[in-house]
Structures are given as C-alpha cells and as structure tokens.
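Trainee: Take a look at this one; I'll ask things after.
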Amino acid sequence: MIVLNSILGVLYVFIICWNNAEGKKRDKKDCHFPLDWTGSWFQSGVRETIVIRRTTIRIKSMVEDGNCTHYNRDKFVVKQRQENKECYTCLAITSKHPNVLQYKMSECVERKSSLKHICGRITGDAPLYSMFRVGGEPVPSPFSGPFEFSYDNGYGECRDPSSHVDTCTDNTKLKLTYQACADIPLSEHKNVQLECLATWQEGSSNFMVGRFTHKNIMSDEESYRCFVSNAIYFVLNLGWIKN
C-alpha cells in the first residue's frame with residue numbers, strides 16, 4: 001500500500017508538471033505579431049493612426065505602445081499602462097484580407113495571468129472593430145458598371161434622378177456620379193472616385209472596403225467605407241452609400 005501510494009504520488013506530480021509544460025508550449029512567450037500585419041492602420045472613431053510593429057501595438061485607448069507578452073494563434077496578451085499602472089489585455093485579431101484586420105479586446109487586468117484566463121474575459125457580445133491598412137495596395141473591384149444607385153446624406157434618400165456608377169480604365173477604381181435631388185437638402189451633383197482596397201466573403205455576403213477620393217474629402221474618416229452585398233440584393237445594398 002505504501003509503494004502504491006508513492007507511485008500514485010509520483011504519477012500525480014508528473015501529470016501536474018506535464019500539464020504546466022504543455023500550457024507553456026501553448027502560450028508562446030516569444031511573442032510577436034505576423035510580419036504582414038506591421039504598419040499603420042485606420043480605425044473609424046480613433047483619432048490617431050494605429051501602429052503595429054513586430055512586438056508592440058498601440059490601439060484604441062492605449063496611451064503608449066503595448067508590449068506583446070505571450071500569444072496563441074490569433075490571441076495576443078499585451079502589457080500596457082493605464083493611469084500609471086501596468087495591466088494586461090487580450091486582443092483576438094483575425095485577418096480578413098492583407099488590408100483588413102478585425103479584433104475584439106478584453107478589459108485590462110492588473111494581475112498577470114495565463115492567456116486562457118485573460119482572453120476568457122472577452123465576452124460573446126464584445127464589440128468587433130475593423131482596421132484598414134493605410135497606404136494599402138488596391139485590388140481589382142468585384143463590381144463593374146454601369147449601374148444606378150441611390151444615396152442617403154442624412155436628410156433622406158436621393159433616388160430621383162438616379163446616381164450612376166461607371167467602371168474606370170483602371171480595374172481597381174470606380175467612378176460614382178452623385179445627382180442632386182430637389183427635395184433632399186444638401187444633396188448635390190458631384191463626381192467621386194472609389195478605389196477598392198479589399199474584398200472577402202462571409203457566408204452569402206460579400207464585403208468590400210474602398211477609399212473615396214474627392215477634393216472635399218479631408219480626412220481618413222471621410223475616405224474609408226465598407227460595403228456589403230449579396231446575390232439577391234446587390235444593387236440595393238451597394239446603392240445605399242452615405243455621403
């Protein structure tokens with residue numbers, strides 16, 4: 001009985017050590033972000049450009065670069081400072097396209113813990129944020145004109161007369177001609193160029209990120225737009241372009 005207890009005790013210690021070793025293997029300490037994520041990114045509602053380097057990231061409310069401490073696949077634990085205190089937050093980041101990243105993040109906890117514990121704080125209803133690469137290479141547009149669309153500038157839908165989309169010689173760009181509607185305040189006739197930056201598919205929906213260029217567009221917030229379409233409502237969903 002004493003021998004059996006000793007064997008069980010050794011076996012128990014071995015299992016604990018093996019589990020700890022496996023946990024360390026899963027949570028990689030040599031933490032770095034993928035090389036093709038490095039660069040500058042735009043996120044709507046965030047004043048400063050988001051910068052990703054190999055081992056650091058400055059995102060959303062961070063007052064300084066956050067250092068990646070450990071990761072596993074698409075989850076990264078980042079150490080940052082908030083109100084002169086160090087804390088740890090988890091970023092769950094997925095790449096939809098070389099020019100598009102999406103992420104969710106946990107609250108920042110002061111006590112250093114395992115990736116599983118910190119990332120477990122990301123709730124199912126946590127906001128999903130999208131980032132678009134600044135200066136990303138354009139890609140061929142999945143849409144080709146000519147076709148018509150209506151738009152809403154916040155004062156109502158301008159549909160008569162119809163606005164038009166035409167294909168440019170460069171297949172990464174589209175020309176949008178907005179028409180003015182007599183009964184819609186601040187609607188106006190103007191020509192805007194839309195450059196396609198990314199496309200991807202989720203289920204039956206197709207997504208496209210584009211960048212508008214026009215002499216009156218002064219900021220990235222006004223420039224970047226995301227569109228969604230599907231085979232049934234292609235014209236309707238693409239047509240609701242907010243000014």
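Trainee: Stokes-Einstein D for the stretch 34-92 at 10 °C, 1.306 mPa s, Kirkwood Rh over Cα pairs, in µm²/s?
Mentor: The estimated diffusion coefficient comes to 133 µm²/s.
Trainee: So, one more: If you count only protein heavy atoms with a 1.4 Å probe, what accessible area per residue comes out for the stretch 96-141, rounded to a whole Å²?
Mentor: It amounts to 56 Å² per residue over the stretch 96-141.
Trainee: How large are Rg and Dmax for the stretch 90-243 when only the alpha carbon atoms are used, in Å?
Mentor: 18.8, 61
Trainee: Using protein chains only and a probe of 1.4 angstrom, how many square angstrom of T167 are accessible, to the nearest 10?
Mentor: The value for T167 is about 70 Å².
Trainee: Among the trypsin sites (Lys or Arg not before Pro) in the stretch 151-224, which ones are in a DSSP loop with at most 13 other Cβ atoms within 10 Å of the Cβ? Mind listing them? Kindly include the intermediate steps, with their values, before the conclusion.
Mentor: On the way: sites: R159, K173, K175, K190, R211, K215; in loops: K215.
When the trypsin sites (Lys or Arg not before Pro) of the stretch 151-224 are filtered for loop state and at most 13 Cβ neighbours within 10 Å, K215 remain.
Trainee: Oh, and also: Mind checking which of F132, G145, L115 is farthest towards the positive end of the stretch 113-158's charge dipole, using Cβ charges of +1 (Lys, Arg) and -1 (Asp, Glu) about the Cα centre?
Mentor: The residue sitting farthest along the positive end of the dipole is L115.
Trainee: Another one. Going down the list K75/K112; K60/K173; K60/K112, which pairs span over 23 Å between their C-alpha atoms?
Mentor: Details: K75/K112 16 Å; K60/K173 30 Å; K60/K112 21 Å.
From K75/K112; K60/K173; K60/K112, over 23 Å: K60/K173.
Trainee: Please calculate the 1.4 Å probe accessible area of S162, with all protein chains present, and give it to the nearest 10 Å².
Mentor: In the full protein context, S162 sits at about 40 Å².
The values are calculated or read from the model by the stated rules, or taken from the named source; none is laboratory data. Since we're looking at a predicted model, the values are computed, not measured. Note that we place each Cβ from the backbone using ideal geometry, even for glycine, and neighbour counts take in every protein chain shown. Areas reflect the complete protein model, heavy atoms only, side chains present, ligands, DNA and RNA absent. Shrake-Rupley method; radii C 1.70, N 1.55, O 1.52, S 1.80 Å.
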